[in-house]
Amino acid sequence: KFPPEEAVAMARFAVENKYPCSRFFVRDSSADQYMLVHRCALEDLLLSLMKKDKVPQSVVEDTIYTQKSEVSDAASVMDEFYIEDIAWHTNPCGDQWEESDFGSVEPLPPPQPLPRLPAPSSCCEWSFDCQARVFYVTIHESLNKENSDLLFKLMERDDVTVITQGHVEVLDESKWEEDQIAEQSMGDYYHKFRRFSRVPKIVDGKETVQVKELDGYYVMKVSDYFKYLEIRNEVISGEREGASFRFLDNTGKRVTVNDVRVTLIYLIDYSLEQLATTAYQDFVSNFRLPECLPGGKHCMMSHVPKSARPDMGPNLYVAPPGSFTHFHHDGYGTVDSGHFCMTGFNEVIMLRRLPENHKKNALRILCGKTSYDPLYSLPHGDSLGEKPSWPTQAAVDECEKMNYCPSKFILRPGQHVHINKGRLHAFRKLSPDPLSDDDAHSELRNEILSQVGTSNPALFNCKSVAWDWMYMGVTAEGINREIVSTLECAILNRIHSLQSLAIPEFAILNAVKLILPQVKLNKEGEVIGKNGRQLREIVRGLQPSLRYLVDAEDNETLAQVDTAKQNRDPVRYAFFPADTYENPALSPIDPFGNDGYNCKICFKELSMSYMHCDGCEEILHKDFNICVQCHREGLYRTSVVMSANAPDQSSLYQHTGHIEGTSGCTCGDKAASCPRCGTCNYCICRCHRSFTLHRRRFHPHILHEMLGKVNRIVGDDQILYAEEVLKRLKHANRQGRKNGVTQ
């Protein structure tokens, strides 16, 4: 469309990071082809075309040949980009990915094109850092519909990062003062102060500092911790000579920190709502994007009773510079996060959401060979091995070549970053220490230090507010991706015997139950009424996951019946169709609550059918609930501690599903009779092998009614790749437990 000189000018404009697009299609009309070109190679390509030279193959990523001078099939173009819905086809079963596979993984297709940014307005301004793949939004007042829609659609994208500023109105500083927060703790001890140590290191003849995380937590009063920060600032600025710090822990033991410059102490997970209520109220009342908070409008938990929601913050984090949180994905990949920087600077690296084999490949690139497992370990857990060094720029460049879309940036005071669920990311608190030249953040840190200087140590103390939530998405396709990603990670977490933080199944079922009565259809089956089209989009996005849950419930129940017929261990069915039928005053657990509805063996969320141990109920008067899968696999035939200070082999005190009970009693005088079966509670009692099938809230016929109405609302207009959902989640289920038990 453009004269050659103008096209070259546009190319230079793109290379200077002023155009929010990383790749371009260039049509060569003489050859009836489209060439996919990275922005950095665009100018070289156009100059070659102008001179009628042969186009260098190095600048063209891909070529699409057409029969006409225009692309007739949009799908053929879109297949050239990364599509998460079908990426699982390239992912072998997760635990079958071996070290020998490193380096053999093919790069992902390039990310989808980016949208145009709206013009600056009175409510906000947009900019895009092409190199960092970061959208910046400066909010001046409440967002209008155009900007709000764009913001939440961009938050569905995991190949870019969205950073907002100005979305928190002026906070009351008096409520965030250290004395105020310490006073509200009422002198109580807090148990989550993580420890780090600064170690001098020479790299290529340059003096640098390496920070290592130490096992174990300090336990101290919050007032003592703020005293530690004060002493550290004074020592570094030269106002104080002695560098030691002493405090009493909760046992009365005196703990000495020999040098506050060397030992870094990081306050983590400090609940604002529970421990600093006035600061919590100040934050939530002044946050201009309440939709992004736990239980907000765009959070899946907004459809779930508050009593059923796991605690996701907001929490306070305070740290001296140099401490870090190494690569991880929040809630083992099941939740989104928000991170608001109040003071200090955070150096951040974040990758796009990846299939399991590419996650492992990316971590090998960034971290090297290490015993630390970022996928299935806590970022601040003990006995995880030494955390790897911060990635080099070469490692980040390698991730870029693999199309992992790394975002590398520094989060400044007043900025908030949205961290999509499943995205591997790492935070490091910026310090005035010099970095080696190959460190990924070397240039960015030098830029900050040249702006703010290094004379004021308090400037680098980091204070942040962070929280987890379950972003639902706003488009039908986005809703589907958000939910399926969470379900997939939850399945993988069950395989690794880890409890997911998110509750995707219960949230999906409750969302459908609440939305369906609001959707009205006319005689022709068309959606009518206020917000009808918007609600239909949500239902279209929920349909594939609901179909998966109903299918899983049907198959698990049928399989359980077959297992019960073949098994010596008795299985019966609860009198009530669902736990919600029971009198809440008499029921030990609340079906609308969060406690008791995780499998005692694999920690899976119990949203529908589950198995309830009769022995634990009738003998111990405690709930021992497990998922249908664990019961079908016989994993209940084990000993599980239910009372810490009681004999661990007695059916009177513990879950003793391991007792075979096939021979006579040999226990002698120590034996006691089980009050339920009258046999020896050490070697014969099989009461803990007797289970009852319960349903939490939704009976199968209710689930089928819900799915039927959803199908009528959607009709033939299901989302693209809807059929991939069931296949993708079944593929995740086939990956097998680490202990050798297969699904």
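The values are calculated or read from the model by the stated rules, or taken from the named source; none is laboratory data. Remember, predicted model here, so these are calculated numbers, not experimental data. In this analysis, Cβ positions are derived from the backbone assuming ideal geometry, glycine residues included, and neighbour counts consider all displayed protein chains. Only protein heavy atoms, including side chains, enter the accessible area calculation; ligands, DNA and RNA are left aside. Shrake-Rupley method; radii C 1.70, N 1.55, O 1.52, S 1.80 Å.
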Criterion first (touching a Pro at 6+ places or on another chain (Cβ under 9 Å) and surrounded by fewer than 23 Cβ atoms within 10 Å (Cβ to Cβ)) does Thr334 satisfy it? no
Six or more apart or on different chains, Cβ under 7 Å: which pairs go from a residue in the stretch 239-255 that's free of Cβ contacts under 8 Å to residues at least 40 places away in the same chain and closer than 19 Å to Asn456 by Cα to one that's in a loop (DSSP other than H, G, I, E, B) and among the charged types (D, E, K, R)? Could you list them? Ala243/Asp259; Ala243/Arg261
Which count do you get for residues in the stretch 519-541 that are open to solvent by 40 Å² or more (accessible area, probe 1.4 Å), on the phi < 0 side of the Ramachandran plot and touching a helix residue (DSSP H, G or I) at 6+ places or on another chain (Cβ under 8 Å)? 4
Count - residues of the stretch 348-365 that are outside any helix (DSSP H, G or I), out of contact with any helix residue (DSSP H, G or I) (no Cβ under 9 Å at 6 or more places or on another chain) and at pLDDT below 95: 0
Of the residues in the stretch 502-518, those that are aliphatic (A, V, I, L, M) and surrounded by fewer than 20 Cβ atoms within 10 Å (Cβ to Cβ) come to Leu514, Ile515, Leu516
Which of the residues that make up the stretch 142-201 are in a strand (DSSP E or B) and either loosely packed, with under 13 Cβ neighbours inside 10 Å or without any contact (Cβ under 8 Å) to a residue 24 or more places away in the chain (or both)? His191, Val199, Pro200, Lys201
Out of curiosity, is Glu556 surrounded by 14 or more Cβ atoms within 10 Å (Cβ to Cβ), assigned to a helix (DSSP H, G or I) and modelled with pLDDT under 80? yes
So how many residues does the stretch 202-222 have that are open to solvent by 50 Å² or more (accessible area, probe 1.4 Å) and touching a residue at least 60 places away in the same chain (Cβ under 8 Å)? 5
Report, by residue number, each residue of the stretch 675-712 that is assigned to a loop (DSSP other than H, G, I, E, B), within 21 Å of Pro588 (Cβ to Cβ) and not polar (S, T, N, Q). Pro675, Arg676, Arg696, Arg697, Phe698, His699
Pick from the stretch 354-404, criterion free of Cβ contacts under 8 Å to residues at least 12 places away in the same chain and acidic (Asp, Glu), ranking: surrounded by the fewest Cβ atoms within 10 Å (Cβ to Cβ): Asp397
When Gly344 is evaluated against the numbered criteria (1) crowded, with 24+ Cβ neighbours inside 10 Å; (2) among the small types (Gly, Ala, Ser); (3) farther than 19 Å from His418 by Cβ, which criterion, by number, is the only one it fails? (1)
Just wondering, is there one or more residues in the stretch 653-660 that are open to solvent by 10 Å² or more (accessible area, probe 1.4 Å) and hydrophobic (A, V, I, L, M, F, W, C)? no
The condition of being buried (at least 22 other Cβ atoms within 10 Å of the Cβ) and of a type in the set (Val, Ile, Thr) holds, among Val262, Val304, Val284, only for Val304
